Amino acid sequence: MKNKLLEHLYGIVFVTSILIAVLLLFNSNRKNETSSRNVELNALLDMPISNINDAFQQALAEDAMNIFYPGKKQHNDSLFSELIQLKKARYTTKLQRAHVAQSLSFEKLVSLSGMYLNFIFAYIIVMLLTYYGVQTLALWRFIRHRNTIDQISSSHNSGRSVKSILAAIPVKLFKIIAYGVLFSPAYVLAYSIRTEFNTDSTFFMILLGVLSNGLLITYSNKFYTFLKIEYHRGYVESALVKNLACSWKTDVPSGIPLGALLHPRKRFKGHVLDHIYRNAHMQYIATIKEQASFLITGLIIIEMALNIHGHLTYEMLRQILYKNYDIVIVIILGIFYAVKATDIVTDYLMHRERLKYEN
Amino acid sequence: MKTDTNFFSRLYNSKDQLWTLIWITGILSLGIWDMVFLNKPAFNKVITGFFNTFTIAFIVAVFTLFLGWMITIALNFTERMKNRVPFLMLMFFLNIIRSVPQIVGVLIAYVIIAQAATRGTFKSGFTIFPAMGIAMSLFIVIELVDLMRERIDHFKKLDFYNAMRVCGISESRIINFHILWKNSRLHIFNKLISIFGSAVFLQCSVDFIISVGLSSDVNSVMLPSTLGSLLAKIDSKQDILAIGSIFTNPSYITNLFTLHLQGITVAFLIVFSLYCVYAISNGFAERHRL
């Protein structure tokens, strides 16, 4: 664990230093952009001309220059016309970027911190909801799968009646719609209901984060696979020999109570599923890093694609557009820290789980 | 007759083949529907967007395989060296790539590619495809490297590895041929199917974001048109927004498939393809017991 933690710390220090170096480089480049290559011209840049388009003021300034540097009229003329052009260009650029140019100030950092906290809040909530949803959905699928197998093996009639086929149609339709929603990218889902609901709130962002982009279905399928693999391990047979409950029904005493299935802390005391779940859960923890990265990608897509004003990654997109790269770098650094923090927490959880079984 | 029954039952049991067939049939049926109801310029745009998206996703899968294999071999080689520094450095950089959310990495890479295209770095439109493929594969490759390293570690624990070493077979042949090619190619191929799906998803999302948020900086002339950028166009967006109207006016649903076809087609192509790729990958894993 110590080595892992050190590796993470080195990574944080390395990336922070690289990004700070890029930020300093960008700031120095921005300063250089405003100055001219001509040293003589640079010295004159601060010459006060209140209206550079006024011919009288231009003539006055030129006369002043000729008095200040006598005997160099031709040189002064060319230098002055260059100065006027440069001042005009700077003035136009300033006007064009008046509403978009921003630099990294204390006020900006405070405003970014607020957005960052909101992003982290949404991230933690979505992470917890998907953590719960992935396991519950996978367990539900697994129990249904085992139930179906039990029913097939106990029933002698393999054919399906017309009634049961008809009854299955609404379920199939619901499944198609559910899969359509779960596999939709967030922007498709959000735009399709935007006329009826306000999709720009944090609540909606959380909802989309959980349900869309294929996150829930992908990882619940992963967990389901872990459960299926664990079911075929030798210890399950040993547990059955030791008379652990093995009914997959939810409405019998020796089965799996629905409450235990829906409970955030899943325990199936006296049932073989308890052991299957615990072993699958340990493997699932190892995939949380991957899930977290996918989740952050999903949240970024939601904020950026839906143009949710005042949110962190929408702000990043805006700053990329306005070429305020110093602010972009700070936001990227913030997202990187969030991923690294998740990595550290996941490694700690894995370490704790391993210690439990090693002792 | 018996052969036909066998064919269908085999197809039903091979879920990956079944879903590939469903995907192709779905796309073709949609194509026929669009030929009838969608105007020709819009239909041509959808076809171009579809082929561009899937070409880039295919290039991503190919580059990821190449890059992943190279990195795995490099890791394996440096791990056995007495000097641990190159191995640790390589792992360190891979972990840093892992910590950058894919969408952020791909977005920044695409902005750089678009700026390079503006400066005329890419001589023809087709040279931009590999550039986009490489950029995306850089942020996806880690998944494949993890799988390959896992496979190598698993086989190294078995007797056959030591037996082969004793027989004088070189390490690189054992890794490249016996472990990765002979015993892991199905796992690798299955991973590549899901990477293909991820590439479609990322491609569409990044193009949608770029087209919505960075349209003045990066436009469709610089980057090839894909399903994501098509969906971001105002007419497609309005088509998708029209779906919401069925909550208040359910009878409007019939109009969606005739009057709002461009946006609905693009959205359907994305969602349907993502689901089919997922189902193909699962079916493949199930059929080969991976």
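Just so it is clear, none of the values below were taken in a lab; they were calculated from the coordinates. Note that the coordinates shown come from a computational prediction; the quantities given were computed from them, not determined experimentally. As a convention, Cβ positions derive from the backbone with ideal geometry for all residues, glycine included, and neighbour counts pool all protein chains shown.
So here's what we get for this one:
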| quantity | calculated |
| --- | --- |
| Expected 222 nm ellipticity per residue - DSSP helices of 4 or more, -39500 (n - 2.57), all of the protein assembly as shown, to 500 | -25500 deg cm²/dmol |
| Fewest-first sequence of A:M316, A:M282, A:M127 by Cβ atoms within 10 Å of each Cβ | A:M282, A:M127, A:M316 |
| Neighbouring partner chain Cβ atoms per residue of A:297-306, average, 10 Å criterion | 6 |
| Sorted peptide list for B:261-267, A:331-337, B:21-27, criterion being average Cβ within 10 angstrom, highest first | B:261-267, A:331-337, B:21-27 |
| Centroid-to-centroid separation of region B:131-186 and region A:307-330 [C-alpha atoms, Å] | 41 |
| Residue mean of other protein chain beta carbons inside 10 Å, B:86-98 | 2 |
| Peptides A:51-62, A:113-124 ordered by average Cβ neighbours within 10 Å, highest first | A:113-124, A:51-62 |
| Cα-Cα over 18 Å, subset of A:K4/A:K289; A:K108/A:K323; A:K172/A:K222 | A:K172/A:K222 |
| Cα gyration tensor shape of chain B, rounded if a/c is under 1.5, else prolate or oblate by comparing a/b with b/c | oblate |
| HN-Hα J in Hz across region B:270-287 - Karplus 6.51, -1.76, 1.60, θ = phi - 60°, x for Gly and Pro | 5, 5, 5, 5, 4, 5, 5, 4, 4, 5, 5, 4, 5, x, 5, 5, 5, 5 |
| Three-way shape call for the protein assembly as shown based on the alpha-carbon gyration tensor, with the a/c threshold at 1.5 | prolate |
| Prolate/oblate/rounded label for region A:37-99 (Cα gyration tensor, a/c 1.5) | prolate |
| Within region B:75-93, backbone nitrogen closer than 13 Å to the virtual label 7 Å beyond the Cα of A:Y10 toward Cβ | B:84-93 |
| Amide proton proximity set for A:K249, modelled H, under 5 Å, gap of 5+ | A:I256 |
| Neighbouring partner chain Cβ atoms per residue of B:204-210, average, 10 Å criterion | 6 |
| Net length gained if the chain between A:K73 and A:T93 were fully extended (0.36 nm per residue, minus Cα distance) | 4.2 nm |
| Charge dipole of the protein assembly as shown about the Cα centre (unit charges at C-beta), most positive-ward option of A:A43, A:Y187, B:F63 | B:F63 |
| Part-to-part distance (alpha-carbon centres) for region B:269-289 and region A:80-131, which is given in Å | 42 |
| Rounded tilt (10° steps) of A:288-305 against the dominant C-alpha axis of chain A | 50 |
| Under Karplus coefficients 6.51, -1.76 and 1.60, residue-wise ³J(HN,Hα) of region A:129-145 in Hz, glycine/proline x | 5, 6, 4, 5, x, 4, 5, 5, 4, 5, 5, 4, 5, 5, 5, 4, 4 |
| Pairs of lysine residues in region B:16-287 - Cα separation under 18 Å, sequence separation of 8 or more or cross-chain | 6 |
| Sequence of B:R185, A:R194 once ranked by neighbouring C-beta atoms within 10 Å, starting from the fewest | B:R185, A:R194 |
| Under the Karplus curve 6.51 cos²θ - 1.76 cosθ + 1.60, θ = phi - 60°, whole-Hz ³J(HN,Hα) for region B:233-242, x wherever Gly or Pro sits | 5, 4, 5, 5, 4, 5, 4, 5, 4, 5 |
